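Here is the structure we will look at, set down as structure tokens.
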Amino acid sequence: MTHSDTAVIRARALEKHFGETHALRGIDIDVPEGRILAVLGPNGAGKTTAVRILATLTLADGGEATGAGVDVRTHPAEVRARIGLTGQFAALDELLTGRENLDMIGRLYHLPGSTVRRRVGELLARFDLEDAADRPVKTYSGGMRRRLDLAGSLVAEPPILFLDEPTTGLDPRSRLGMWQLISELVAGGTTLLLTTQYLEEADRLADQIAVMDHGQVIARGTADELKARVGGERLVVTIARSDQLDAAARAIASLGGEPQVDAPQRHVSIAVNGGDGILTRAVRALDAAGVAVDDAGVRRPTLDDVFLVLTGQHPDADMQAASSVDVRELDEVPA
Amino acid sequence: MTATTRREPAAAGIGTWLSDAWQMVKRNLIHIRRTPELLLDVTISPIMFVLLFSLVFGGAIDVPRDSYINFLMAGIFVQTIAFAGIYTGVLLANDLKNGMIDRFRSLPMSQSSVLTGRTLTDLLRATLAVAIMWLVGMAVGFRPSGGVLGGVGAVGLMLLFGFALSWIGVAMGALVRTPEALQGIIFAAVFPLTFVSSAFVDTATMPDWLEWFANRQPMTLVIDAVRSLTLDGTGGPAAVPAILWSVGILAVCFPLGIWAFNRRTLQ
Ligand SMILES: Nc1ncnc2c1ncn2[C@@H]1O[C@H](COP(=O)(O)OP(=O)(O)O)[C@@H](O)[C@H]1O
Ligand SMILES: [Mg+2]
């Protein structure tokens, strides 16, 4: 990559085995100073393993990784002084209060007591945790835990931040709040590597995206570059009944082009070549064929399509269901 | 790539090490304050043992001392210390299940202070246990005639032994998969060792082969030294071997515990 010489987070040919599992098969990562890289991939792709190696929690079996130019293998303590990590699962002490958790973390970064108190106060306020600050964490909701966990990695204002699936499992409102917080953070110049299963999240937050699957980076680029690889706009029709998919495909084919059928989603789509009124014609053709339509629209390709093109399959059935609505809202072009 | 050595804390002076260990102790003490049942094994259990053994067996067991309770207390002390020490491993295994260890791993703290903090907290727990047992023992007739120096020496030896055992606990806690499994191992190992010792009976009453073993295993040596210190005010012949055992266990299990912990948490 063009910025590799100034990359603040950098990995080369990282390898990791867990017994028979080849979790990482030689991945390269570069995040230039002040930029955000989203590592996007389904469950089991190797995202957490990569983050753990970069954050000094796990030793790689091969390859090398540096944080701020310092080797994670030989000088882990120096790397740790420069990073903050919010792991996939909350790393909080359940019996300590929110304030006690942050205070302990600050002191373990060896910050002066007065700095710790100031930072902890600021973070509790900014993350909307002041009311709960003196309650044990075991009484917190999922969203509060995530916020406190993120606050924990910010106590020492580290220049490098790793966030492993920061919004997985959050309700939509908490997710929006988390996105807001992350956007503010990086506006402050933090170099950030975040992992996600949500295509929309990568699109919204990151400068660069690395798509991971089975321990490899299978594509990288900006959201727009990745979308360009899948081609132009597509007409996508959602059919009401699965047994009408074939009929729908024939009706759509009559408009010209090779329709693509996504059976689990009951989607039928074709490439659109700038023809006017395509949506109207499609709905008419489907109606004439007696096909019931749930939804239809012309949209730019989404990162989901990128995954489909790159791997021939959906990243993950659960994720698909969870994100398809959001993706359509983001990318649908009004007809 | 071949394994290269990892340089642990870069700028770790004794000051940061102490401060990190103190943070860990503070965290453990907050746990105890919010979950007082964590103290059951060093409060209620030893009281029960003192009362049960002295009242139930007191009249039935012949010992080479003026009263059974005077003989018994050293055994109860060391048994409680031994269980509490190795139980450190269960508490550590619980910590390892919890995501907090990952957080500690990502911080520029002295990594061994997680373990030091754990074992120092357990030293405090053990001290509390000794104090409670001493008082309960006195209430049912324990008369330590070894004087203040003897008492201080006995407590010092017990805590040294307990500290050493808590590093066995650390090593086992890091090596064994689950806290439950470790609890089983402790039960299977520590119980026989306390019973095949001079804790509750005179070892001379055992079959010869068992007596041979009982007289040479560390629990007996520590118990005999504590008994002698509390009752006679001198360490007796067992004191030096008891100290050597404790130091020896520490010398092996301190590095072993740190190694096992690193291996476990870095995989
Ligand atoms: N500690 C571990 N022991 C054994 N297998 C593991 C371990 N951690 C991860 N794996 C395996 O490595 C692969 C990658 O996992 P992970 O990095 O957690 O993926 P992701 O975070 O993308 O879901 C998976 O097949 C997972 O089962
Ligand atoms: Mg993961």
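The values are calculated or read from the model by the stated rules, or taken from the named source; none is laboratory data. All figures in this text were calculated on a predicted structure; none of them were measured in a lab. For the accessible areas, the whole protein counts, side chains as well, though only heavy atoms, and no ligand, DNA or RNA atoms are used. Shrake-Rupley method; radii C 1.70, N 1.55, O 1.52, S 1.80 Å.
Numbers below:
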item	result
For segment A:1-73 versus segment B:36-67, the gap between their alpha-carbon centres in whole angstrom	57
Distance from segment A:197-223 to segment A:249-315 (C-alpha centre basis), Å	24
Relative contact order (%) - chain A, alpha-carbon pairs under 8 angstrom, separation at least six	18
Cross-link pairs beyond the 32 Å C-alpha cut-off, checked among A:47/B:97; A:138/A:227; A:47/A:227; A:227/B:97	A:138/A:227; A:227/B:97
Centre separation in Å (Cα based) which lies between segment B:111-183 and segment B:186-219	20
List of segment B:83-119 residues, accessible area with partners at least 40 Å² below that of the chain alone (1.4 Å probe)	B:100, B:102, B:103, B:105, B:106, B:107, B:108
